[in-house]
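Notes to accompany the following structure.
The values are calculated or read from the model by the stated rules, or taken from the named source; none is laboratory data. Everything numeric in this text was worked out from a predicted model, so none of it was measured. Counting neighbours? That spans all protein chains shown, and the Cβs are built from the backbone with ideal geometry, glycine included.
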Ligand code: FE
């Protein structure tokens, strides 16, 4: 297994250095300001502009390794004290928690990060910081009509929706994190009863990714599903066919009169052995600036994590909502129990 992961890492890792032109122009500055080494599981074109802007502003050269999150965490752990990694960037509170558990992150105390990011989007001890958010929302087929009384995640277990619900596999981290938040709010017993109720309402066995759920609901193969907002925004901002699919789908932000809709984060933390710790903190602070937040959120149609910033127009089409303020660290902690509950309930 480990060999497989390492082989995959070798195939997908892309160490990147600035162009010769950049090195010539900024060579002296870069030498003085040093560098920062980023291990990232994000792969968006906008990220390149983000890194370039940071180098222009600070003279700090950005080196980047991209791979799957679990492979990056394993790599940092196995490199140990010789790891060149300064920052780990990844998606989902569950993966940030895996990094925390693996002991590869180091606490950061930054007044800038504390001021710009709401408390629930930062690790309580500063091990990681949220950079963008996505909400997990209920979608329904508009032609079949808005499902009466469907307002909360809890409602998805109502027998009124028997045979109506399509879901992604429980092995996917998005559903694990959602269930983890339900455990935190309502306790493990209620979470298990909920999971069994939803399974009883399945229209078919869990299959496909979030995009498949959107297509299945639009096609009327199932009436109801759960997806992350950025997938919807992709359809909303896509070509004519994708927009037609978006238009045939209704969106419900769950739990608006209760704890709020479950949101998850992309985030980053400074690595324990970071050889360029000061540069790493400067980079994290830069990522929460207004211009960087726009690039970062737009890379994947997400909501900026920093307070007071709007998302792009495709995302804003989904409308305003109240988000759950459960700390993302809490979402991480319940992952293992969530997996066990899914297994017992037969949500494959
Ligand atoms: Fe995704």
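For residue 192, state whether it is at pLDDT 95 or above, more than 22 Å from residue 253 (Cβ to Cβ) and part of a helix (DSSP H, G or I).
yes
Can you tell me which condition residue 280 does not meet? The list is (1) away from the ligand (no atom under 16 Å from the Cβ); (2) in contact with a helix residue (DSSP H, G or I) (Cβ under 9 Å, 6 or more places away or on another chain); (3) farther than 22 Å from residue 312 by Cβ; (4) not in a loop (DSSP other than H, G, I, E, B), and all the others hold.
(2)
Can you tell which of 47, 70 is under 22 Å from the mean Cα position of the chain (by Cα), over 23 Å from residue 107 (Cα atoms) and within 16 Å of the ligand (Cβ to nearest atom)?
47
Exactly one condition in (1) in contact with a helix residue (DSSP H, G or I) (Cβ under 9 Å, 6 or more places away or on another chain); (2) part of a helix (DSSP H, G or I); (3) away from the ligand (no atom under 16 Å from the Cβ); (4) farther than 13 Å from residue 156 by Cα is not met by residue 221; state its number.
Evaluating residue 221 over (1) in contact with a helix residue (DSSP H, G or I) (Cβ under 9 Å, 6 or more places away or on another chain); (2) part of a helix (DSSP H, G or I); (3) away from the ligand (no atom under 16 Å from the Cβ); (4) farther than 13 Å from residue 156 by Cα leaves (2) as the failure.
Residue under question is residue 136, and the condition is that it be within 16 Å of the ligand (Cβ to nearest atom) and closer than 18 Å to residue 217 by Cα; does it hold?
So residue 136 passes the test.
If we keep just the residues of the stretch 195-218 that are over 19 Å from residue 142 (Cβ atoms) and outside any helix (DSSP H, G or I), which is farthest from the ligand (Cβ to nearest atom)?
Ranking the candidates gives 201 first.
Of the residues 150, 156, 127, only one is more than 15 Å from the ligand (Cβ to nearest atom), at pLDDT 95 or above, assigned to a helix (DSSP H, G or I) and touching a helix residue (DSSP H, G or I) at 6+ places or on another chain (Cβ under 8 Å); which?
Of the residues listed, the single one that is more than 15 Å from the ligand (Cβ to nearest atom), at pLDDT 95 or above, assigned to a helix (DSSP H, G or I) and touching a helix residue (DSSP H, G or I) at 6+ places or on another chain (Cβ under 8 Å) is 156.
Given the residues 101, 151, 143, which is the only one that is without any contact (Cβ under 8 Å) to a residue 60 or more places away in the chain and surrounded by fewer than 24 Cβ atoms within 10 Å (Cβ to Cβ)?
The conditions single out 101.
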